Amino acid sequence: MKKVLIIGGTSAIAQAVAAQLAQSGAALYLLGRSGPKLEVVAADLKTRFGAQVGIGAIPFDDFAAHGPAIEQAVAALGGLDMAILCHGSLGDQKDCERDFKLAEAEFRTNCLGAMSFLSLLANRFEPQRAGQIIAISSVAGDRGRQSNYIYGAAKAGLSAYLQGLRNRLYPQGVKVLTVKPGFVDTPMTAHLKKGLLMASPQRVARDILRAAERDGCVLYTPWFWRWIMLIIRLIPEKIFRRLKL
Amino acid sequence: MKPSLQPVASWGRHLPTRSWLQPVYWSCDPLTAPVDGQTMLAYGMGRSYGDCCLNEDGTLLVTTGMNHVLAFDAEAGVIRCEAGATLDDILKCIVPRGWFLPVTPGTKYVTVGGAVANDVHGKNHHGAGTFGRHVRRFELLRSDGRRLLCSPQENPEWFAGTIGGIGLTGLITWVEFSLRKIGSAMIEMETVKFKNLDEFFQIAAESDQDFEHTVAWVDCLASGDALGRGLFMRGNHAASGRLTVHGPPKLGVPFDCPALALNTLSIKIFNALYHGRIRQRITRSVVHYEPFFYPLDGINHWNRIYGRRGFFQYQFVVPYSAEAGACREIFGRIARSGQASFLGVVKTLGNLESPGMMSFPRPGVTLALDFPNRGARTLELFDELDRVVLAAGGRFYPAKDARMSPECYRKSCPEWQAFRKFIDPAFSSRFWRRVTQGSQ
């Protein structure tokens with residue numbers, strides 16, 4: 001039975017991934033910020049799939065709590081084969097521009113907090129010489145745009161960190177998958193119009209687990225974002241600075 | 001997360017409105033205040049045909065993300081889920097373990113919250129009553145932050161007000177209801193051809209005893225001796241067999257059909273073929289529950305076949321009478337009007353009372369008829385039909401209505417006065433404003 005830790009276990013993508021893992025018989029441990037919400041998600045997974053699910057609630061911004069929380073998860077699962085980082089927040093870009101405190105908080109959640117978890121997980125998997133780390137970054141990290149460069153910069157930092165981590169852990173046989181979703185129909189994007197580009201969390205979850213199985217490095221999901229972002233990255237900065245993106 | 005102003009239409013697609021969409025994801029979250037001090041209303045799958053799920057210029061609490069299953073006792077057959085879970089979600093969970101919905105409407109793409117708020121009924125109404133009869137308890141979240149646990153024992157008046165209360169009493173966060181045990185996912189069904197209304201009533205009377213599920217399709221264009229001809233479908237759950245869950249929809253209507261696609265001639269041909277394809281008087285078959293209960297769920301967006309202008313559904317119940325005068329008159333008027341109705345569904349409703357004070361079903365016979373939207377002509381026909389239904393002491397189904405007058409509503413649903421005290425001051429709907437104030 002695969003033992004999987006999901007960090008940010010109440011996020012929509014996390015719930016979809018958890019449902020698919022539960023169906024394949026994995027044992028799960030969900031780490032999140034809200035106890036009542038974790039209980040709801042765990043009840044759902046147990047009821048619908050008969051899954052084995054443990055939960056732990058901690059304040060994510062308190063990095064000192066990360067280590068003990070992971071220890072507790074590993075103890076509850078009796079080991080660890082896979083860790084999936086799904087937590088994140090999408091603050092309002094304009095508010096973050098006005099008040100750096102908000103921008104800093106975004107960075108603590110999306111970048112530093114993720115790195116804190118990742119460093120702990122890397123150090124656990126490294127001596128084990130096995131394991132898989134999956135982290136949700138974003139297409140927003142591929143190029144800074146005026147409409148959400150605070151979020152984008154935090155995700156860019158995370159993406160670069162994951163590149164390095166993948167490189168570091170490769171000799172030990174520990175796999176690292178960077179996931180770059182486009183628009184996903186989740187609470188984070190509830191204020192956006194549901195266009196053709198909007199993907200369901202279930203679709204994204206399926207892509208993630210497939211990429212994990214074939215040991216992918218960087219997953220764009222849905223697939224067309226790889227090509228959209230390629231074009232966006234290729235636009236020269238002199239032109240890009242004039243665009244309203 | 002901030003709500004956004006977006007266009008919203010209900011299933012009939014002829015009422016384009018705009019509302020602030022505020023998704024709710026967790027039954028444990030507090031309610032947010034509606035935008036601009038306006039009102040709010042829960043919105044699930046939007047399968048109500050008219051405006052009881054709309055709140056023009058107000059806020060809609062979109063509940064489809066609040067869809068967790070919270071508990072399932074597979075021994076006792078009791079399930080508890082968040083109100084945004086759909087019947088589709090529930091079936092996937094319960095069928096493999098030998099249970100079925102206690103009552104189901106003609107589509108599984110409705111939320112459990114919507115099923116309670118509209119107190120839906122199905123083909124087994126004569127033996128099982130409405131969905132509300134099988135609800136054990138639910139939680140009602142009021143805009144003042146109170147959470148009322150409602151059951152026949154606890155807060156019974158709120159239990160009665162909310163079942164069939166068309167979403168006006170607050171937000172239903174979760175629901176616990178009883179299931180029906182099944183030995184197989186299959187239905188042993190019979191299709192009986194009937195030549196006219198008299199035969200329908202005769203077959204219905206014979207069938208209600210021996211068949212758990214009964215419904216009839218009626219050709220609304222046939223007149224004279226053939227007035228009310230159709231096919232009677234009746235079935236029981238097969239005692240043993242496989243417990244296979246239904247699959248996803250196989251077909252879809254990708255765009256609006258041209259307005260001319262459905263005209264009197266094309267519907268006449270369809271109806272004649274549909275009625276004529278059955279040769280014997282009684283045909284027996286064993287079918288999966290999906291085509292039996294949800295024939296239209298196999299086609300995504302089937303409402304688009306009525307074109308850009310959308311369509312109406314007209315559903316009422318009239319008390320049973322031996323001569324069935326009201327039904328006869330209504331069929332006659334529809335046939336004469338030449339306003340084709342593709343699907344006419346007829347069912348006798350039993351006398352099992354719902355706990356809901358505003359619940360639609362009453363003992364008698366109910367007719368549900370689809371009409372393409374042809375503007376004033378269609379509305380005039382409905383006004384005519386309203387008078388016949390009112391004269392016969394009938395009622396109308398809010399989940400289907402988009403146009404009845406305040407007078408018509410007040411006469412047919414006198415409970416509305418007593419119900420008003422249960423309405424949450426921050427909740428309202430386009431339907432409610434229309435039928436109580438004449439405004440929208």
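No value in this document is a laboratory result; all are computed from the given coordinates. Just so it is clear, the model here is predicted, and its values are computed rather than measured. Every residue, glycine as well, gets a Cβ built from its backbone with ideal geometry; the counts of neighbours run over all protein chains shown.
Using 18 Å as the cut-off for backbone N distance, which residues of the range A:124-143 belong to the label zone defined by a point 7 Å from the Cα of A:Asn167 along Cα→Cβ? Output list for this probe position: A:142. As a proxy for reagent exposure, B:Glu154, A:Glu106 were ordered by neighbouring Cβ count within 10 angstrom, fewest first; the result is B:Glu154, A:Glu106.
Expected output is a single nm value to one decimal: the length gained when fully extending between B:Ala76 and B:Leu5, i.e. 0.36 nm times separation in residues minus the C-alpha distance. What is it?
21.2 nm
Dipole size of the range B:186-405 about its Cα centre, with +1 on Lys/Arg Cβ and -1 on Asp/Glu Cβ: approximately 700 debye, rounded to the nearest 20.
About its Cα centre, the dipole of the range A:1-160 is roughly 360 debye, where the only charges are +1 on Lys and Arg Cβ and -1 on Asp and Glu Cβ. Once you have a ≥ b ≥ c as the square roots of the Cα gyration tensor eigenvalues for the range B:1-84, tell me rounded if a/c is under 1.5, and otherwise prolate or oblate according to whether a/b is larger than b/c. Oblate is the answer for the range B:1-84, as a/c is 1.5 or above yet b/c matches or exceeds a/b. For the listed residue pairs A:Lys94/A:Lys175; A:Lys46/A:Lys155; A:Lys3/A:Lys101; B:Lys108/B:Lys268; B:Lys123/B:Lys421; A:Lys46/B:Lys108, the alpha carbons are over 26 angstrom apart in A:Lys94/A:Lys175; A:Lys46/A:Lys155; A:Lys3/A:Lys101; B:Lys108/B:Lys268; B:Lys123/B:Lys421. Label-to-label distance, A:Arg33 versus B:Arg377, with points set 7 angstrom from Cα along the beta-carbon direction: 5.8 nm.
With Cβ to Cβ distances under 12 Å as the rule, what net charge do the other residues near A:Val74 carry (K, R +1; D, E -1)?
Numbers: positive: A:Lys3, A:Arg124; negative: A:Glu71, A:Asp81.
Here the charged neighbours net out to 0.
Nearest 10 degrees is fine. How inclined is helix A:149-169 to the longest principal axis of chain A, computing both from alpha carbons? With both axes taken from Cα atoms, the answer is about 50 degrees.
Which order results if B:Arg281, B:Arg136 are arranged by neighbouring Cβ count within 10 Å, fewest first?
On the way: B:Arg281 12, B:Arg136 15.
By the 10 Å Cβ count, ascending, the order reads B:Arg281, B:Arg136.
Put the Cα centre of the range B:84-163 next to the Cα centre of the range A:194-245 and the gap is 40 Å. Legend: calculated FRET efficiency, B:Thr32 to B:Gln437, from the Cβ-Cβ distance at R0 = 25 Å, rounded to 0.05, equals 0.45.
Which whole-number percent is the relative contact order of the range B:80-218 (Cα, under 8 Å, 6+ apart)?
Details: 206 pairs, mean separation 38.9, N = 139.
Reported relative contact order: 28 percent.
Potential lengthening of the chain between B:Arg308 and B:Ala239 amounts to 20.4 nm, from the contour at 0.36 nm per residue minus the alpha-carbon distance.
The residue among B:Gln202, B:His275, B:Phe396 whose Cα reaches farthest toward the positive pole of the charge dipole of the range B:186-405, with charges on the beta-carbon of Lys, Arg, Asp and Glu, is B:His275.
Lys and Arg at +1, Asp and Glu at -1: add these up for the other residues within a Cβ distance under 15 Å of A:Tyr170 and post the number. Numbers along the way, then the final one.
Numbers: positive: A:Arg129, A:Arg166, A:Arg168, A:Lys175; negative: A:Glu126, A:Asp215.
Overall, the nearby charge balance is +2.
Oblate is the label for the range A:137-194. Its Cα gyration tensor axes, ordered a ≥ b ≥ c, give a/c of at least 1.5 and b/c at or above a/b.
Label the range A:62-218 by shape, choosing from rounded, prolate and oblate, from the square roots a ≥ b ≥ c of the eigenvalues of the Cα gyration tensor; if a/c is under 1.5 it is rounded, and otherwise prolate applies when a/b is larger than b/c, oblate when it is not. Here the range A:62-218 falls in the prolate category. Summing +1 for each Lys or Arg and -1 for each Asp or Glu among the other residues whose beta-carbon sits under 15 angstrom from that of B:Ala392 gives +2.
Axis of helix A:113-128 versus longest Cα principal axis of chain A: the two differ by about 50°, to the nearest ten degrees.
When you restrict to C-alpha pairs under 8 Å that are six or more residues apart and normalise by the size of chain B, the relative contact order lands at 19 percent.
So for B:Lys411, B:Lys193, B:Lys181, fewest C-beta neighbours within 10 Å to most, what's the order? Please list the in-between numbers first.
On the way: B:Lys411 15, B:Lys193 18, B:Lys181 9.
Arranged by neighbour count, lowest to highest, B:Lys411, B:Lys193, B:Lys181 become B:Lys181, B:Lys411, B:Lys193.
For B:Leu251 and B:Arg420, compute 0.36 nm times the residue count separating them, minus their Cα-Cα distance, and round to one decimal in nm.
Values: separation 169, 0.36 × 169 = 60.84 nm, distance 4.28 nm.
Here the answer is 56.6 nm.
For the range B:214-283, the Cα-based Rg and Dmax, in that order, read 16.9, 46 Å. The distance linking the range A:127-172 with the range A:29-70 is 23 Å (Cα centroid to Cα centroid, whole angstrom).
On the basis of the beta-carbon distance and an R0 of 22 Å, B:Asn300 and A:Ser24 show a calculated FRET efficiency of 0.20. Using a Förster radius of 25 Å, what is the FRET efficiency between B:Glu157 and B:Asp57 based on their Cβ-Cβ separation? Nearest 0.05, please. That gives a FRET efficiency of 0.20. Taking amide H as placed 1.01 Å from N in the peptide plane, the amide H of B:Ile172 sits under 5 Å from that of B:Leu141, each at least 5 places away or on another chain.
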